[in-house]
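**Q** Could you have a look at this structure, given as structure tokens, before my questions?
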């Protein structure tokens, strides 16, 4: 799987033969499409995103990859923005029931998201954020901006909160310096490789 911030730009790069294979030194070529997915967006009611991700194949090793838009999170029925908002609320001190009510999602769904961000994964997100910040703007390590919080809740200096701080700062710097139209959450999803939530443990 290759996480891309924008489907249209990824398609242009793929068609131009400029997309590198993550497994070898080869170049990716168009190879059909994956299954169409409909995920829930931010807001109540019928706010949905319908996406048919592109599939690509390496001309050298023959490996295939799905190009996952960063607006989606791996194996989740809600968008990166929705899941990111839940994590930001958790970092701000909100409980899963309050988050579920604010996002109009089932309590069981939100609770499962939050359980997929144990300390180990929060540290992984933080390390990813530091790597990206070192590439784009080291000054963010000195004075990162505040991450989104829930009104009435104080900010907690947790590893998750610090990770979201740095990811948001890096995303905004990428937008400013490269003139990208992508939303902050799409860029955060891209920087986190589509893994705001940890993968389920193998059984």
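Laboratory data are not the source of any read-out in this text; all were calculated from the coordinates shown. On a predicted model such as this, the values are computed, not experimentally measured, just so you know. Counting neighbours? That spans all protein chains shown, and the Cβs are built from the backbone with ideal geometry, glycine included.
**Q** Computed from the mean reciprocal separation of all distinct C-alpha pairs, what Kirkwood hydrodynamic radius does segment 2-69 have, in Å?
**A** Details: mean 1/r = 0.0783 Å⁻¹.
Value: 12.8 Å, from the Cα pair sum.
**Q** I would also like to ask the following. Given R₀ = 22 Å, what would the calculated FRET efficiency be for residue 127 paired with residue 102, taking r from the Cβ atoms and rounding to 0.05?
**A** Using R0 = 22 Å, I get an efficiency of 0.15.
**Q** Given the convex hull over the Cα atoms of the chain, what projected area results after averaging over all orientations, in nm²? Intermediate values should be presented prior to the final figure.
**A** On the way: hull surface 49.7 nm².
So the mean shadow area of the Cα hull is 12.4 nm².
**Q** Moving on to the next point. Once you have the Kirkwood Rh of segment 52-92 from its Cα pairs, apply Stokes-Einstein at 37 °C and 0.692 mPa s and quote D in µm²/s. Kindly include the intermediate steps, with their values, before the conclusion.
**A** On the way: Rh = 12.2 Å.
This corresponds to a translational diffusion coefficient of 269 µm²/s.
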